[in-house]
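Following: one structure in C-alpha cells, then a few remarks.
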Amino acid sequence: MRVVVAHENLDFDALGSMVLAGRLFPGSFLALVGGLEGPLKEIAPLLEDRLDLVPASEIPLDRVSEVILVDNARPERIGPFKALVGRVPFWVFDHHPRAPGDVPAVGGRVQEVGATVSLLLPLLMERGLVLTPLEATLAYAGIWEDTGGFSFPSTTPVDLEAAHHLALLGAEIPRVRAWVRPHLGEEARSVLKELLKTARVVEVEASASSWPGPRKRVTCPLWPPWPTPFWTCTRRTGCSWC
Ligand SMILES: [Mn+2]
C-alpha cells in the first residue's frame, strides 16, 4: 500500500498537500500523524465525511510499499513512518530548504516557494485533474496560511499562480479568511491585549436561521482586521455571521 504523510501538528499547507498528493497518486491512504489540532480541529466535522484520513496508528507498517511525504522532509516528524526510511521508497514534495538528515527521496519536487501546495498543484493541472470545492479551498488555505496572505517574503509567482488556479477551480476564498488565523506580530498582539481588556459583551438577537447555536464558537472573519468572536463584534460587516 501507498501512504501520503505530512507531519505532526498538521497545518493547512500540510493537509492541502496531502489532499493534492492523494489525487496525484490515486489509491493512496492519507495518514494522519498526531491528529488534527488548532483551527483544523474546528473544521474537522467538515473534513471527516469528505476526506479519507486514517490515523497513522491504524496503518500496518509492514504493508506499506511506498511513502509520499509532503510539506516536510524530516524523519523525526513522521511518527511511526520513520521506521520505513531506507526500507521503502519515499517521494518528497516540500518547500523547506534541504538539510542534512532529510529523508532521501526517489522523486518528487523540492523547491523553496511559499507553500508545498504550490509545488503540487501544477502537477495536477498538467494531468487535467479537477478538484472539489472543498479540496480547492483547503489547498488555497494552505497557500494563504504559509504565505501570510501572500505577504511573506517567501511568496513567489508560483504561489500566486497556484492560488489563481485554485480560485478558478472553486476555492471558497471567504471561508479561508475564517479558517486561517492570522499570525499576529508583537505590536498587533499587544494592541489586541489592550482591546480585549476594554471589550464589552454585547447581547445580539438573531433569528433561528442565522444563529448557529448558543454554544458554538463563531468568529467574524471581516471585522476587525483579525477575526473576532461573534458576541464581541459590534460591527455589522455583512458577512454571513453578522
Ligand atoms: Mn508548508
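The values are calculated or read from the model by the stated rules, or taken from the named source; none is laboratory data. Quick caveat, the model's predicted, so the values are computed rather than measured. Glycine gets a Cβ as well: all are built from the backbone with ideal geometry, and neighbour counts include every protein chain shown.
For the range 3-32, a residue qualifies if it is within 11 Å of the ligand (Cβ to nearest atom) and under 18 Å from residue 171 (Cα atoms), and the qualifying residues are 11, 12, 13, 14, 15, 16, 17. If you go through the range 54-97 and keep only what is surrounded by fewer than 20 Cβ atoms within 10 Å (Cβ to Cβ), of a type in the set (A, V, I, L, M) and not in a helix (DSSP H, G or I), you end up with 54, 59, 85, 88.
Residues in the range 119-129 include at least one that is among the aliphatic types (A, V, I, L, M), more than 15 Å from the ligand (Cβ to nearest atom), more than 24 Å from residue 178 (Cα to Cα) and crowded, with 18+ Cβ neighbours inside 10 Å. Of the residues in the range 184-194, not one is part of a loop (DSSP other than H, G, I, E, B) and hydroxyl-bearing (Ser, Thr, Tyr).
Across the range 38-52, what is the total count of residues that are touching a helix residue (DSSP H, G or I) at 6+ places or on another chain (Cβ under 7 Å) and not β-branched (Val, Ile, Thr)? Final tally of qualifying residues: 4.
Being under 24 Å from residue 172 (Cβ atoms), surrounded by 20 or more Cβ atoms within 10 Å (Cβ to Cβ), of a type in the set (A, V, I, L, M) and within 15 Å of the ligand (Cβ to nearest atom) is not true of residue 158. Residue pairs whose Cβ atoms lie under 9 Å apart, sitting 6 or more positions apart in sequence or on different chains, and linking a residue in the range 76-90 that is not assigned by TED's automatic domain parsing to the domain that holds residue 66 to a partner that is modelled with pLDDT under 95 and assigned to a loop (DSSP other than H, G, I, E, B), do not occur here.
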